[in-house]
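Q: Mind having a look at this structure? Questions to follow.
Please treat every number below as a calculation from the coordinates, not as lab data. All values reported here derive from a predicted model rather than from experimental measurement. Quick reminder, even Gly has a Cβ in these numbers, built from the backbone with ideal geometry, and neighbours come from all protein chains shown.
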Amino acid sequence: MLSQWRRLALFKQGLGTPQQFGEGLSGARHAIEHLGYVQIDTISVVERAHHHVLWNRVPGYDRGHLNSLISDQHIFEYWYHAAAYLPMRDYRYALPQMALVRSGENRYYSHGDKRLMNEILARVKAQGPMRQRDVDKGDKGQGNWWNWGPGRRAVETLFMQGDLMVCERNGMEKVYDLAERCLPGNIDLSMPTLIEYAAYLLDTTLRAHGVFTWKQLLHLKVGKPLRDAMRKVLDERIDAGAVKALDSTEGMAAYVDVAAFEQAPTVDPGVKILSPFDNLVIHRDRLASLFEFDYRIECYVAAPKRLFGYFCLPILYGDRLVGRIDCKAHRGEQRLEVLSLHLENGKLDEDAFFQALGGEMQRFADFNKCPILDVRAIDRMRRRQTVQAPLQTHTSLDKARA
């Protein structure tokens, strides 16, 4: 039964079969609309998570697609449980958070200087879109206002309360414009009720995961009123037969999409290298229960205490998460280095696995614009395990050095 739940979860995530969302720009849009959000990541040891997540799901994905989708008003940047790209159709569900910031109830965004915020809005209104560097580097005519600290806080507050929106990114540099210029004319700006907001969270989770936990529904969302509203909405779905409570997932309260489960989806047997911020793995407790995979990202852990590496990437093989691989993109050398590989204990057809891993690693290297693939760490690990055949992709490094 656990295997069936995993296959459903993978299928719902768009990791089950190729081209579930289509290809290229339209595929990227459909993927974001289905998943509900794609988390934005600033860490660049390999390609950033927002590109990595979409590349794994959308054949022909290009990094420029996100700017195109923002320009076409199909998606927008805001906060889900973290900074994320979200479907424009869901904009109204960001309004409660914006209202909390505007009222000063959100303590993380309550220090924006009002005078500076008004100056920034007037400047953007008169001069057009503004880059973050225009604030960070300062405008000498503005005295001490336009320095990195207060300027950044003011822009972030204006963004979080909905006055400014990100209209473009160049790498990780944001370009801001007035929200009224970025929103489509027919956008619904009505404030959702608490029940509507709970239903939105439930529908997003149900659509994107198929199998989910109570804790996952309210991930980083606080307050008894929202918990009560979520319980009411979930109970109604259970009573209607759309959702079923599961008997056991390691003692956690878990549920399944009944109609989707009855379809018994199949899963691609190949290998995928996932981002640490992939939507599949971001709910760590659910991951441990459903996939029996205890995963933690270690970039925030002191180096001597790391077990698997600074930015270890989960390895999906069929319907199982079978290990972690720590990689680093040396972009100046166009070389992707495998720093370490750690496989889970258990039965694994190593010949078939390593053959599939070799092809996927080369694909991942090309995605990172580092076609030279350095897998000596894998070769060393396999020799220690007395496995003779090295990854064939090791030759790409040898040829580059020849």
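Q: Extent of the stretch 292-338 along each principal axis, from alpha carbon coordinates, in Å, largest to smallest?
A: 38, 29, 11
Q: Kindly provide the helix-only [θ] at 222 nm of the chain, computed as the sum of -39,500 (n - 2.57) over DSSP H runs of four or more divided by all residues, to the nearest 500 deg cm²/dmol?
A: -12000 deg cm²/dmol
Q: Could you give the nm distance between label points at Cys299 and Lys369, where each point is 7 Å from its Cα heading toward the beta carbon?
A: It is 1.8 nm.
Q: Please compute the volume of the convex hull spanned by the alpha-carbon atoms of the stretch 221-342 and report it per residue in Å³.
A: Dividing the Cα hull volume of the stretch 221-342 by its residue count gives 166 Å³.
Q: Which Cα, out of Val322, Thr17, Gly241, lies furthest along the positive dipole direction of the chain (beta carbon charges, K/R +1, D/E -1)?
A: The Cα lying farthest towards the positive end belongs to Val322.
Q: Could you give me the ³J(HN,Hα) list for the stretch 155-161, computed from phi with Karplus coefficients 6.51, -1.76, 1.60 and θ = phi - 60°, whole Hz, x at Gly and Pro?
A: 5, 4, 5, 4, 5, 5, 8
Q: To continue, here is another question. Where Rh denotes the Kirkwood radius from the mean inverse Cα pair distance, what is Rg over Rh for the stretch 1-57?
A: Dividing the radius of gyration by the Kirkwood radius yields 1.03.
Q: Next question, about the same structure. Report the full-extension gain for the segment Ser3 to Ala122: residue separation times 0.36 nm, less the Cα-Cα distance, to one decimal in nm.
A: So the chain would gain 37.2 nm between Ser3 and Ala122.
Q: Let me ask something else about it. Pop out the ³J(HN,Hα) list for the stretch 206-214 in order, Karplus 6.51 cos²θ - 1.76 cosθ + 1.60 with θ = phi - 60°, rounded to Hz; leave Gly and Pro as x.
A: In residue order, the calculated couplings are 4, 5, 8, 10, x, 10, 8, 10, 4 Hz.
Q: In addition: Could you compute how fast the stretch 67-226 diffuses translationally, taking Rh as the Kirkwood radius over C-alpha pairs and applying Stokes-Einstein at 20 °C with viscosity 1.002 mPa s? Give it in µm² per second.
A: In µm²/s, the coefficient rounds to 126.
Q: Give me a comma-separated list of calculated 3J(HN,Hα) values for the stretch 20-31, in order, Karplus coefficients 6.51, -1.76, 1.60 applied at θ = phi - 60°, integers in Hz, x for any Gly or Pro.
A: Residue by residue, the stretch 20-31 yields 4, 9, x, 10, x, 4, 5, x, 5, 4, 5, 5 Hz.
Q: Taking amide H atoms as placed 1.01 Å from N in the peptide plane, list the residues 5 or more away in sequence, or in a different chain, whose amide H sits under 5 Å from that of Cys312.
A: Amide H neighbours of Cys312, under 5 Å, 5+ apart: Glu298.
Q: List the pair-distance distribution P(r) of the stretch 228-289, using every Cα-Cα distance, as the percent of pairs falling in each 5 Å bin from 0 up to the bin containing the longest distance, rounded to whole percents.
A: The calculated distribution, bin by bin, is 3, 14, 15, 20, 24, 15, 6, 3, 0.
Q: Determine the distance separating the Cα centre of the stretch 202-265 from the Cα centre of the stretch 314-374; give it in Å without decimals.
A: About 33 Å separates the Cα centre of the stretch 202-265 from the one of the stretch 314-374.
Q: With +1 assigned to the C-beta of every Lys and Arg and -1 to the C-beta of every Asp and Glu, and no other charges, what is the dipole magnitude of the chain about the Cα centre in debye, to the nearest 20?
A: With Lys and Arg at +1 and Asp and Glu at -1, about 1020 debye.
Q: Follow-up. Specify whether the C-alpha gyration tensor of the stretch 180-274 places it in the rounded, prolate or oblate class, a ≥ b ≥ c being the square roots of the eigenvalues: rounded for a/c under 1.5, otherwise prolate if a/b is larger than b/c and oblate if not.
A: Since a/c reaches 1.5 but b/c is at least a/b, the shape of the stretch 180-274 is classed as oblate.
Q: Report the local net charge at His219: Lys and Arg +1, Asp and Glu -1, summed over other residues whose C-beta lies under 14 Å from its C-beta.
A: Surrounding charge for His219 is +4.
Q: For volume of the Cα convex hull per residue in Å³, the choices are (1) 168; (2) 159; (3) 183; which was calculated from the structure?
A: Label (1) holds the value from this structure.
Q: Another question, if that's okay. Taking the Cα atoms only, what angle lies between the long axis of helix 224-239 and the longest principal axis of the chain, rounded to 10 degrees?
A: 60
Q: Considering the zone a paramagnetic label at Asn186 would reach in this model (a point 7 Å from Cα along the Cα-to-Cβ line), which residues of the stretch 70-104 have amide N under 13 Å from it?
A: Residues 89 qualify, since their backbone N sits under 13 Å from the label point.
Q: Just tell me which aspartates and glutamates come within less than 16 Å, Cα to Cα, of Lys369; anything on the same chain fewer than 8 places away is out.
A: List returned: Glu47, Asp62, Glu333, Glu337, Glu360.
Q: Around Ala229, what is the net charge, scoring Lys/Arg as +1 and Asp/Glu as -1 over all other residues with Cβ under 15 Å from its Cβ?
A: That sum, taken over residues with Cβ under 15 Å, equals +1.
Q: Seen from all sides and averaged, what is the projected area of the convex hull of the Cα atoms in the stretch 1-133, in nm²?
A: Spelled out: convex hull of the Cα atoms, projected over all directions, averaged, 11.1 nm².
Q: Could you list, in their original order, any pairs among Lys224/Lys272; Lys174/Lys221; Lys12/Lys221; Lys272/Lys305; Lys114/Lys221 whose Cα atoms are separated by more than 30 Å?
A: Long pairs (Cα-Cα over 30 Å): Lys224/Lys272.
Q: Also: Note down the magnitude of the dipole of the stretch 152-251 about its Cα centre, charges +1 on Lys and Arg C-beta and -1 on Asp and Glu C-beta and zero elsewhere, to the nearest 20 debye.
A: 300
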